[in-house]
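The values are calculated or read from the model by the stated rules, or taken from the named source; none is laboratory data. Keep in mind the model is a prediction, meaning the values are calculated, not measured. A quick note on method: Cβ atoms are made from the backbone with ideal geometry, for glycine too, and the neighbour counts reach across all protein chains shown. Surface areas here come from the heavy atoms of the whole protein model, side chains and all, with no ligands, DNA or RNA. Shrake-Rupley method; radii C 1.70, N 1.55, O 1.52, S 1.80 Å.
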Amino acid sequence: MVINLPSSMDEVILNPESLTPKEIVRELDKYIVGQRAAKRAVAIALRNRWRRQQLAPELREEVAPKNIIMIGPTGVGKTEIARRLARLTHSPFLKIEASKFTEVGYVGRDVESIVRDLTEIGVKLVKDEKSRSVREQAERNGREKILDILLPDSRPPRARPAFVADPDATDDSSTETRDKLGRWLDEGKLDEREIEVEVKEQGGFPSFEIFTPQGVEEMGVNVKDMMPGLFGGRSKRKKMRVGDAREIIVQEEAEKLVDQQNVAREAIERVEQSGIVFLDEIDKIAGRQTGASGPDVSREGVQRDLLPIVEGTTVNTKYGMVKTDHILFIAAGAFHVSKPSDLIPELQGRFPIRVELESLSENDFERILREPKNALTTQYIALLGTEGVTLTFADDAVAEIARFAAVVNEKTENIGARRLHTILERLLDELSFEATDMNGQTVAIDAAYVQRVLADVVKDEDLSRYVL
């Protein structure tokens, strides 16, 4: 089952060292219904990482990760299991479709871009963590900087320019004024006042590609380093509200307080030791090369290009060399037409764990609507609550929605739990449109309401193919 929810800002980041397989499964159960075998497989793979770290250095390097292939139809939770696993441990996580890659000579991305993209994610992850750790100091520095702009002459003697006639002189009135402005600033009374600040220009890098042995990304960085004035990095003065300027200044101050070299070093280590790559649609490249022409000709070539990355190699990124020996790869596919044994033997050998995910039943749909943290029904109740509308779902309504989802999946294409998204959108379409005029009202969704809205659409198979 898949419910794609943004990561909550107050979501607890658990210490991976304290997570036992049972605890990992329990955490995954909060968001994903069923699929016990897949949860157990990823929980064991994650715990094995911790176990490997406890070994002697000479043995530690020899222990390879136990990569996983998830087999199951769309919408049963393959991607969500991997994504939630990464969030639990705060690991760099990259989801990529295997069909995006082709062998050399065909249009497609270079497989080494997987590692470069994962490293970028790792750097952002570490940078955000470091920025949060210095946030308090950055806010203090930003506050002082804004006060300097609002009242330049009130700066402490040491902070004044050298050309001030008497740098040791103190002005009680200006200090008092600065303190008063500081209090107003803290209380938000100055948020609407306009000030002029220096802002770094963002972007400015043109969208052309230069192919080099290091890849497109590396050449782009070198060009920017050689000509920083042409491709951004300059500052310009800009007028803006104090409320807006404060956040920009605090971010700049946080960047100054963070050691970027340490960020890169820590990010590479985290990518190498705890990175997770989710290779979706691997069944699309599972067909063997049989001399056919057209797009299928490159399938086996993609597998052979992926092989060294999964086996373990070293990739050059703009932050340094990254080894892929201990990155965990989780592949997934429906395997309707092909089967895992259609992969080349060398690649099969690098995915020793195979787990099959079950199709979702009517009972599963009912559980999905009730049990997970931030379930779909909970989301809609919260969304309409912002308009002052109290929305409730009766038990018989949830059962009826689950029944409709199972029926439509059976009659048309089976898209798993994603069908619940389309059905709930259709069910609440009128209510969502009229909600702005319904402040203070309570709307109860029961089985009769669900049947009235959805029965005709589900009955007409041709219509349900387009609407649901």
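Key figures
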{"quantity": "Qualifying residues in segment 380-396 (those that are within 26 Å of the chain's Cα centre (by Cα) and surrounded by 14 or more Cβ atoms within 10 Å (Cβ to Cβ)) - the one nearest to Glu80 (Cα to Cα)", "calculated": "Tyr380"}
{"quantity": "Set Ala399, Ala455, Ala448: member being open to solvent by less than 40 Å² (accessible area, probe 1.4 Å), assigned to a helix (DSSP H, G or I), more than 23 Å from Lys78 (Cβ to Cβ) and free of Cβ contacts under 8 Å to residues at least 12 places away in the same chain", "calculated": "Ala455"}
{"quantity": "Condition check for Leu369: within 30 Å of Glu269 (Cα to Cα), in a helix (DSSP H, G or I) and at pLDDT 85 or above", "calculated": "no"}
{"quantity": "Yes/no for Glu23 being under 22 Å from Val310 (Cβ atoms) and either acidic (Asp, Glu) or surrounded by fewer than 14 Cβ atoms within 10 Å (Cβ to Cβ) (or both)", "calculated": "no"}
{"quantity": "Matching residues in segment 292-312 - criterion: being within 17 Å of Ile96 (Cβ to Cβ), of a type in the set (A, V, I, L, M, F, W, C) and modelled with pLDDT under 85", "calculated": "Val302"}
{"quantity": "Residue count, segment 217-270 (criterion: surrounded by 18 or more Cβ atoms within 10 Å (Cβ to Cβ), at pLDDT below 80 and touching a Leu at 6+ places or on another chain (Cβ under 9 Å))", "calculated": "1"}
{"quantity": "Residue, farthest from Glu269 (Cα to Cα), within segment 130-140, restricted to residues that are part of a helix (DSSP H, G or I) and open to solvent by less than 50 Å² (accessible area, probe 1.4 Å)", "calculated": "Ala138"}
{"quantity": "Test: residue in segment 325-333 that is part of a helix (DSSP H, G or I) and either modelled with pLDDT of 90 or more or open to solvent by 60 Å² or more (accessible area, probe 1.4 Å) (or both)", "calculated": "no"}
{"quantity": "Residue within segment 276-291 that is at pLDDT 80 or above, farther than 20 Å from Ala332 by Cβ and surrounded by fewer than 20 Cβ atoms within 10 Å (Cβ to Cβ) present", "calculated": "no"}
{"quantity": "Residue within segment 89-108 that is of a type in the set (A, V, I, L, M), assigned to a helix (DSSP H, G or I) and modelled with pLDDT under 85 present", "calculated": "yes"}
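Table: residues versus (1) among the basic types (Lys, Arg); (2) in contact with a Lys or Arg (Cβ under 9 Å, 6 or more places away or on another chain); (3) within 29 Å of Ile69 (Cα to Cα).
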residue: Ser361; (1), (2), (3): no, no, yes
residue: Glu366; (1), (2), (3): no, yes, yes
residue: Gln379; (1), (2), (3): no, no, no
residue: Gly388; (1), (2), (3): no, no, no
residue: Thr392; (1), (2), (3): no, no, no
residue: Ala405; (1), (2), (3): no, yes, yes
residue: Leu420; (1), (2), (3): no, no, yes
residue: Leu431; (1), (2), (3): no, no, no
residue: Gly440; (1), (2), (3): no, no, no
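Matching residues to (1) in contact (Cβ under 8 Å) with a residue 24 or more places away in the chain; (2) of a type in the set (Asp, Glu); (3) closer than 18 Å to Leu118 by Cβ; (4) out of contact with any helix residue (DSSP H, G or I) (no Cβ under 6 Å at 6 or more places or on another chain):
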residue: Arg47; (1), (2), (3), (4): yes, no, no, no
residue: Arg52; (1), (2), (3), (4): yes, no, no, no
residue: Ala56; (1), (2), (3), (4): no, no, no, yes
residue: Arg60; (1), (2), (3), (4): no, no, no, no
residue: Asn67; (1), (2), (3), (4): yes, no, yes, yes
residue: Met70; (1), (2), (3), (4): yes, no, no, no
residue: Thr74; (1), (2), (3), (4): yes, no, no, yes
residue: Gly77; (1), (2), (3), (4): yes, no, no, yes
residue: Arg83; (1), (2), (3), (4): yes, no, yes, yes
